[in-house]
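Enquirer: Take a look at the following structure, please.
The values are calculated or read from the model by the stated rules, or taken from the named source; none is laboratory data. Not measured: the values here are computed from a predicted model. Here Cβ is always computed from backbone atoms with ideal geometry, including for glycine, and neighbour counts include all displayed protein chains.
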């Protein structure tokens, strides 16, 4: 079974297969990520791999508009229901396969890649990150957060995922948080930060 089929079967069986609503790990991770954003408000955020929309709903409170996508149609249906339940109307949800299905056009001043990067091989993740950089506004921020412990579906280590992001040209790391469970880092264009690491 391919990765996308695997996710589709998980979301078809449950709208919250990883308990992202109730698990303390997930609640704490969202809180740390949101607290680590450098600006109080963003014009446009993009969240690839949005799952059932819990992070999407949180981002929508800090952004004028959010575009979120997932490869699983069942995940998108769950996210749409989550946003309807919360009466959130500033999110554009799309089903798309990444990296090749990255939505064309426009830039974002926030891109959030959370719990996604290790499901790609190095070449595909490199393409995804290059697209993130190409669609990041010059005052933008790329935020990445990934689980540190091992699990069966992982194609890359969290260290390898973040090392690829750290190698993006013209970007410098602006945030780093590591604890026993996850690594969270952010990068911004060097022109914004003056080139300081």
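Enquirer: Please state which one of 60, 68, 80 is surrounded by 14 or more Cβ atoms within 10 Å (Cβ to Cβ), at pLDDT 95 or above, farther than 27 Å from residue 177 by Cα and in contact with a strand residue (DSSP E or B) (Cβ under 7 Å, 6 or more places away or on another chain).
Expert: Answer to the check: 80.
Enquirer: So which residues in segment 123-132 are out of contact with any helix residue (DSSP H, G or I) (no Cβ under 9 Å at 6 or more places or on another chain) and either in a strand (DSSP E or B) or in contact (Cβ under 8 Å) with a residue 24 or more places away in the chain (or both), if there are any at all?
Expert: Hits for segment 123-132 are 124, 127, 130, 131.
Enquirer: Going by the conditions given, is residue 126 buried (at least 23 other Cβ atoms within 10 Å of the Cβ) and within 26 Å of residue 153 (Cα to Cα)?
Expert: no
Enquirer: Of the numbered conditions (1) in contact (Cβ under 8 Å) with a residue 24 or more places away in the chain; (2) farther than 22 Å from residue 41 by Cβ, residue 111 satisfies every one except a single condition; which is it?
Expert: That leaves (2) as the condition not met.
Enquirer: Right, another one. Does residue 49 satisfy the condition of being closer than 13 Å to residue 93 by Cβ and either surrounded by 21 or more Cβ atoms within 10 Å (Cβ to Cβ) or out of contact with any helix residue (DSSP H, G or I) (no Cβ under 7 Å at 6 or more places or on another chain) (or both)?
Expert: Answer is yes for this residue.
Enquirer: Is it the case that segment 127-143 has a residue that's farther than 19 Å from residue 45 by Cβ and in contact with a strand residue (DSSP E or B) (Cβ under 8 Å, 6 or more places away or on another chain)?
Expert: Within segment 127-143 (the criterion being farther than 19 Å from residue 45 by Cβ and in contact with a strand residue (DSSP E or B) (Cβ under 8 Å, 6 or more places away or on another chain)), the answer is no, since none of the residues qualifies.
Quick grid of which residues meet (1) part of a loop (DSSP other than H, G, I, E, B); (2) in contact with a strand residue (DSSP E or B) (Cβ under 9 Å, 6 or more places away or on another chain); (3) at pLDDT below 95; (4) farther than 11 Å from residue 144 by Cβ:
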{"residue": "154", "(1), (2), (3), (4)": "yes, yes, yes, yes"}
{"residue": "161", "(1), (2), (3), (4)": "no, yes, no, no"}
{"residue": "175", "(1), (2), (3), (4)": "no, yes, no, no"}
{"residue": "180", "(1), (2), (3), (4)": "yes, no, no, yes"}
{"residue": "185", "(1), (2), (3), (4)": "no, yes, no, no"}
{"residue": "188", "(1), (2), (3), (4)": "no, yes, no, yes"}
{"residue": "195", "(1), (2), (3), (4)": "yes, yes, yes, yes"}
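Enquirer: Check off (1) in contact (Cβ under 8 Å) with a residue 40 or more places away in the chain; (2) touching a strand residue (DSSP E or B) at 6+ places or on another chain (Cβ under 8 Å); (3) over 24 Å from residue 61 (Cβ atoms); (4) part of a loop (DSSP other than H, G, I, E, B) for residue 106 and give me the number that stays unchecked.
Expert: Checking residue 106 against (1) in contact (Cβ under 8 Å) with a residue 40 or more places away in the chain; (2) touching a strand residue (DSSP E or B) at 6+ places or on another chain (Cβ under 8 Å); (3) over 24 Å from residue 61 (Cβ atoms); (4) part of a loop (DSSP other than H, G, I, E, B), the one that fails is (3).
Enquirer: Can residue 137 be described as surrounded by 17 or more Cβ atoms within 10 Å (Cβ to Cβ), out of contact with any helix residue (DSSP H, G or I) (no Cβ under 9 Å at 6 or more places or on another chain), more than 24 Å from residue 25 (Cα to Cα) and at pLDDT 95 or above?
Expert: Spelling it out, residue 137 is indeed surrounded by 17 or more Cβ atoms within 10 Å (Cβ to Cβ), out of contact with any helix residue (DSSP H, G or I) (no Cβ under 9 Å at 6 or more places or on another chain), more than 24 Å from residue 25 (Cα to Cα) and at pLDDT 95 or above.
Enquirer: Also: I'm told residue 12 meets every condition in (1) surrounded by fewer than 18 Cβ atoms within 10 Å (Cβ to Cβ); (2) in contact with a helix residue (DSSP H, G or I) (Cβ under 7 Å, 6 or more places away or on another chain); (3) at pLDDT below 95; (4) part of a loop (DSSP other than H, G, I, E, B) except one. Can you identify the failing condition by its number?
Expert: (4)
Enquirer: Can you find a residue in segment 164-172 that is modelled with pLDDT of 95 or more, more than 22 Å from residue 26 (Cβ to Cβ), assigned to a helix (DSSP H, G or I) and touching a helix residue (DSSP H, G or I) at 6+ places or on another chain (Cβ under 9 Å)?
Expert: Yes, because at least one residue in segment 164-172 is modelled with pLDDT of 95 or more, more than 22 Å from residue 26 (Cβ to Cβ), assigned to a helix (DSSP H, G or I) and touching a helix residue (DSSP H, G or I) at 6+ places or on another chain (Cβ under 9 Å).
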